[in-house]
Each structure stands twice: as C-alpha cells, then as structure tokens.
Amino acid sequence: MKMRHRKTTKLKRRKEPTAARGRGSSAADLQEQLDRRTRELVEAREQQAATSEVLGVISSSPGELGPVFECMLTNATRLCGARFGVLYLLEGDVFCVAAHHNAPAAFIEERRRNPLIRPMPGTTLGRVVATKLAAQIADAQAEPVYHSDPARADFLKLTGVRTLITVPMLKENDLIGAITIYRQEVRPFTDKQIALVSNFARQAVIAIENTRLLNELRQRTADLREAHDRVLAQAADLATWNRTLEQRVAEQVAEIERVGRLKSFLPPQIAQLVVSAGHESVLESHRRDVSVVFCDLRGFTAFSELAEPEEVMLVLREYHTKLGVLINKFEGTVERFSGDGLLVVFNDPLPCPDPSIRAVQMALEMRDEVAKLSVKWSHSGHDIGFGVGIAHGYATLGGIGYEGRFQYSVTGKVANLASRLCDQAKNGQILVDINVFSAVETLADVEFAGELILKGFSRPVKAFNVCHLRSPQS
C-alpha cells in the first residue's frame with residue numbers, strides 16, 4: 001500500500017505543469033469569451049438605441065416621412081459601417097429615390113437627372129424584386145451586370161461602390177420599396193447587420209402605412225367637419241345624433257380591442273364571453289384551483305440539431321395545428337408556447353366542470369393525434385415521440401406583460417409539477433399527480449408509475465400513467 005501511494009504522488013507531480021498550462025489556456029478562453037460578449041452587448045445596446053430613436057422620430061413626426069427615413073438611413077449606415085444609404089420606393093415597375101444619407105454629390109445629381117430606376121436581373125434591386133428577399137453583392141466591380149449597362153457602369157464610377165446590400169420593404173408580402181446601403185470597400189455585411197437593416201425596412205413600412213392612414217384620417221376629418229357644418233345648418237338635433245353615433249363607434253372600437261387582447265391567449269368563444277360581460281376582471285391577479293397540462297415532444301432536441309430550420313418549423317407548425325384544435329375543443333387556456341413545449345390551464349379564467357377530466361381527455365386525444373404525426377415524421381427518418389404531465393392544485397393567475405403585449409400566466413407549484421411530470425414521461429405516457437388520479441380513476445385505466453424524485457420538490461411525488469379511457473360498458 002505504501003509503494004502505491006508513493007507512485008501516485010510522483011505521477012501527479014509530473015502532470016502539474018500540464019495542468020497549469022491548461023488553467024492558463026482556460027483563463028485566456030474565458031477572457032476571449034468575455035470580450036466577445038462585451039462587444040455583443042455594446043452592439044445590442046447601440047441597435048436598441050437606434051431602434052428607439054427611429055420609433056421616437058415616427059412618434060414625433062406624424063405624417064412626415066422625410067425625418068423618419070433620414071433617421072433610419074443614418075443609423076443603418078452608421079451601425080453597419082457603410083459609406084452611404086438610399087431608400088427606394090417602388091412605383092409601378094420602377095424605383096425612385098425617396099431618401100438618401102451621405103450619398104456622393106455625383107450620385108445625387110445623377111438621380112436628379114434620371115429619377116427613375118428600372119431594376120435589372122442580377123442587380124440587388126432586381127434580385128429583391130424577383131425573390132422579395134435581401135440580396136447582397138460582395139464586390140459590384142466584379143459583377144458583369146454592372147458593366148453591361150452604361151448607366152450602372154457610371155454609377156460604379158461615380159460612387160466607388162464595392163459591397164452593397166438591399167433589403168425589401170414588404171407590406172403584406174407586396175414589395176413597396178427597398179433600402180440599400182453601400183460600402184466603398186470589399187467587406188460583406190454580416191447576418192446581424194442584414195437583420196438590422198431588415199428591421200429598419202419593416203419600420204419604414206410601418207411609417208408609410210401610418211402616414212397613409214393619418215392622411216386619410218385628416219381628409220376624412222375635414223370631410224366630416226364640412227358635412228357636420230352643413231348638418232348643423234339644417235337641423236340642430238342631428239348634432240345630438242352625431243354624438244350618439246361617435247359614442248357607439250368608440251364603444252365598438254373598445255370592444256374590438258378587448259376581443260383582440262383576449263383572443264391572444266383565450267379560445268375565441270371564451271374571449272367573446274368575457275367581452276360580453278363588459279369587464280376584464282379575469283385579467284387581474286387571483287388564486288384558483290386549476291388543472292395544468294404540460295406537453296412536449298420526445299427526441300425533438302436531437303431532431304432539431306440535425307434537421308434544417310425549415311423542416312423544424314414545418315414539424316412545429318403541424319404539431320401546434322393539431323394541438324390547437326383540441327385545446328379549443330376542450331376550452332383550455334394556452335398559458336405559453338416554448339418551442340415544442342405547451343402549457344394549458346383548465347378552470348381559469350372561466351370555471352369549468354371537472355377540469356382534471358377535461359385535461360386528461362384532451363391529453364389522450366393529443367397523444368393519438370401526435371402518434372399519427374409521428375408515423376408521418378418517421379417516413380422522413382425522424383424519431384419523435386410525445387409526453388404529457390398533468391397536475392391539479394392551487395395557483396396564482398393573471399395577466400402579465402406590457403401595453404400592447406399581454407400574456408395570461410399561471411404561477412405556483414402545480415405548474416412546476418406538471419412540467420416535471422412531463423419531463424419524466426416516456427413516449428406515449430401521460431403522467432398525472434395524485435389529485436388528477438383521484439378525479440379520473442373511475443373513468444380511465446391508470447397504472448402506478450412510482451414515486452418520482454423531481455427537481456424542485458423535497459419529497460418523492462407519486463405519479464400515475466393514464467393508459468386510456470374506459471368504455472361506457474365497463
């Protein structure tokens with residue numbers, strides 16, 4: 001025993017220099033990661049500040065597109081390290097310059113003489129027209145299309161452009177314009193920079209639409225004022241009728257807004273009932289006993305690592321579509337989507353009879369529907385299953401979020417328990433807690449799944465696997 005102890009000590013001493021070098025290397029890696037995260041944080045803050053500035057200009061300049069476009073182009077060129085930027089609007093089948101920032105004087109003069117630009121195949125504008133997707137050219141000087149046309153050859157000569165990116169401005173998938181930013185050196189734009197310019201393009205579309213609506217509103221207001229004056233001259237009692245009509249319109253608009261907010265997290269039929277009641281007290285924080293269903297896909301993480309993003313989104317779309325039909329059927333409330341994860345609440349915001357039975361019935365039908373999808377997915381070589389966890393108990397519920405984006409939330413141990421049971425469920429299993437088991441044991445075939453050690457729970461939790469509902473004869 002002593003000889004073994006001395007031999008082990010010698011081996012450790014020989015490895016100490018290597019370990020020290022490993023620690024030094026780890027420190028260098030950590031410093032590099034810290035520097036990278038710091039740069040990303042700075043870039044994110046700059047982009048957030050730029051977005052806030054643009055939104056501020058949109059808010060402070062109603063009906064004026066010039067300041068909005070100038071602010072967008074200024075920030076886009078600055079944050080992307082570009083030389084100048086141009087915003088084009090599509091008129092028929094040609095583009096015209098609506099705004100530019102830091103553009104060369106020769107370019108401005110050329111656009112004054114020839115304001116219309118006809119997109120040619122191969123140019124970034126031509127590609128955007130054809131695909132409605134962002135188009136980048138790493139080096140315009142090396143592109144034949146820019147030399148085959150005299151006007152575009154002159155453009156390169158006047159501006160010295162090398163790298164350029166054009167992003168579409170889309171309104172309901174209709175192209176209405178484009179933003180192009182230019183560099184005078186060969187340096188392709190990164191995906192983050194392209195995403196940033198695309199965000200500015202979306203804001204430009206919003207600004208254009210807001211201006212259109214505001215101009216229409218102003219015109220209609222002027223027309224209404226003129227009509228109102230005529231009505232006052234004809235009969236004073238029509239003014240009273242007009243005020244009544246405005247009140248009714250305001251009430252209808254308020255009702256539509258309430259329905260819109262509620263439908264974002266409630267089944268349509270329940271949202272309509274809440275609005276009909278004339279109040280939104282269900283959105284206030286309150287405590288109630290609820291049944292919580294948490295479900296997700298087995299093997300989805302491995303699938304998403306290997307599959308293409310488009311294929312992953314297709315699977316999720318099919319999956320959510322099937323589950324959404326069943327959630328509405330059983331009048332559940334969707335608390336959250338999280339990738340393939342889904343949390344549904346029963347007995348709130350409106351009470352329902354036998355919430356645990358409804359939750360189990362829905363889960364069983366979900367399992368059958370996803371099983372059919374799994375067969376289809378298996379034909380494409382994907383091994384994807386489905387598991388569910390259900391728990392019943394008291395929770396705190398209510399609306400959380402901010403103006404324009406609210407979400408109905410459930411907080412408490414019961415939600416955590418449903419999630420943990422789902423984590424433990426194998427493919428095809430529906431694991432329920434003792435409360436749900438007590439509610440459905442006479443209606444369904446249930447097997448004891450054991451006492452599970454679950455994260456966040458100090459004691460083992462009894463779990464039961466719901467196999468299927470019993471037939472009425474049994």
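Within the range 98-141, being within 25 Å of Leu65 (Cα to Cα), touching a Pro at 6+ places or on another chain (Cβ under 9 Å) and buried (at least 19 other Cβ atoms within 10 Å of the Cβ) holds for Leu125, Val128, Val129, Ala134, Ala135.
Within the set Arg202, Arg230, Arg225, the sole residue that is of a type in the set (D, E, K, R), assigned to a helix (DSSP H, G or I) and under 26 Å from Cys96 (Cβ atoms) turns out to be Arg202.
Residues checked against (1) within 16 Å of Gly428 (Cβ to Cβ); (2) among the hydroxyl-bearing types (Ser, Thr, Tyr); (3) touching a Lys or Arg at 6+ places or on another chain (Cβ under 6 Å); (4) modelled with pLDDT under 95:
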{"site": "Val290", "(1), (2), (3), (4)": "no, no, no, no"}
{"site": "Ile327", "(1), (2), (3), (4)": "no, no, no, yes"}
{"site": "Glu335", "(1), (2), (3), (4)": "no, no, no, yes"}
{"site": "Arg358", "(1), (2), (3), (4)": "no, no, no, no"}
{"site": "Glu369", "(1), (2), (3), (4)": "yes, no, yes, no"}
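Is it fair to say Val446 is in the same structural domain as Phe346 (by TED's automatic domain parsing), under 30 Å from the mean Cα position of the chain (by Cα), of a type in the set (Val, Ile, Thr) and surrounded by 13 or more Cβ atoms within 10 Å (Cβ to Cβ)? When the stated conditions are applied, Val446 does not pass them.
Filter the range 360-378 down to residues that are within 16 Å of Gly332 (Cα to Cα) and touching a helix residue (DSSP H, G or I) at 6+ places or on another chain (Cβ under 7 Å) and give me whichever is surrounded by the most Cβ atoms within 10 Å (Cβ to Cβ). Residue satisfying both the conditions and the ranking: Val360. Taken over the range 426-443, the criterion of being surrounded by 13 or more Cβ atoms within 10 Å (Cβ to Cβ) and either touching a residue at least 40 places away in the same chain (Cβ under 8 Å) or outside the structural domain of Ile384 (by TED's automatic domain parsing) (or both) is satisfied by Asn427, Gly428, Gln429, Ile430, Leu431, Val432, Asp433, Asn435, Val436, Ala439, Val440, Leu443.
Only a single criterion out of (1) free of Cβ contacts under 8 Å to residues at least 40 places away in the same chain; (2) at positive phi is not satisfied by Glu365, namely (2).
For Glu451, the conditions (1) more than 37 Å from the chain's Cα centre (by Cα); (2) over 21 Å from Ile357 (Cβ atoms); (3) in a loop (DSSP other than H, G, I, E, B) all hold with the exception of (3).
Only one entry of Pro168, Pro144 meets the criterion of being surrounded by fewer than 15 Cβ atoms within 10 Å (Cβ to Cβ) and either at pLDDT below 95 or touching a helix residue (DSSP H, G or I) at 6+ places or on another chain (Cβ under 6 Å) (or both), and that entry is Pro144.
The values are calculated or read from the model by the stated rules, or taken from the named source; none is laboratory data. These numbers come from a predicted model, not from an experiment. Cβ coordinates were reconstructed from backbone atoms using ideal geometry, including for glycine residues, and neighbour counts include every protein chain displayed.
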